[in-house]
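These notes concern the structure reproduced below.
None of the figures in this text is laboratory data; all of them are computed from the coordinates on show. Remember, it's a predicted structure, so these values are computed and weren't measured experimentally. Because the Cβ atoms are built from the backbone with ideal geometry, glycine has one as well, and the counts that use them run over all protein chains shown.
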Amino acid sequence: MPLDLNCDLGEGESPARMRALMRWATSVNVACGGHAGDAVTMERCVRLAKSLGTRIGAHPGVAGSFGRGEIQLGVTELQSLLLAQVGALHRLTEVHPVRLHHVKLHGALYHAVEHDARLGRCYVETMARWFRGLPIYVLAGGRIAALGRQLGVKVWEEVFLDRGYRADGTLLPRGEPGALLTRPAEITARLRSLRQRGGWPAHDGTWLALRPRTLCLHGDTPGALALLRAARRELTSGS
């Protein structure tokens, strides 16, 4: 099965940039009014994804934080957040109509469910109960990938093409040297390593064995359009 290439959208980019980025992705994660986005940007993404044949997914996040850094959230708040934000995008996809493909948590929320067992179980159980059949994009090799399979939720394991990794498979914090990859040559080298050798080296040289189903390139990484273009061409090159 071909690797999926995903990108976060609806986070304040112009309509022209949204279209340019979406042309090179095979799936997009649409901000649902939490950390970013509103009904107008969600509908714009839905219409555009339908016209381009791009898979569309919900990208719920925490209001006021842009989804990065520490968050304080209980299980009741998480369930309400998911129902409201995923539900809002789902309703828009039904109107147009286009199929809602997946859910991917944003930023700190994505990592919080990996580290907090209560939040992680709440997330997966909410998906199993209310959004059964939708895959979740989750950290490759992480807690949520295992829990999702255990509870019957479809899982697409994810790696980040434009982020540096620690030896334990977690991401280098933004702001540290090597945390962001911004050159197309770095992205294509990673992809070739992944396809030919089944992984890539961490920042300290430790080998990371990776078996992802989807690859993320952030839309706000410097040079994101060139990175997406390079990744998509590498994926379709057959090399």
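Scaled against 2.2 N^0.38 Å for its residue count N, the alpha carbon radius of gyration of the chain is 0.95. Over the stretch 125-239, the reciprocal of the mean inverse Cα-Cα separation, the Kirkwood hydrodynamic radius, stands at 15.1 Å. Projecting the Cα atoms of 36, 231, 161 onto the charge dipole of the chain (Cβ charges, centred on the Cα centre) puts 231 farthest toward the positive pole. Write down the percent of antiparallel bridges among all DSSP beta bridges whose residues are both part of the chain, to the nearest 5. Roughly 20 percent of the DSSP beta bridges within the chain come out antiparallel. Electrostatic bookkeeping for residue 46 treats Lys and Arg as +1 and Asp and Glu as -1; over the other residues with beta carbon under 14 Å from its beta carbon, the sum is +4.
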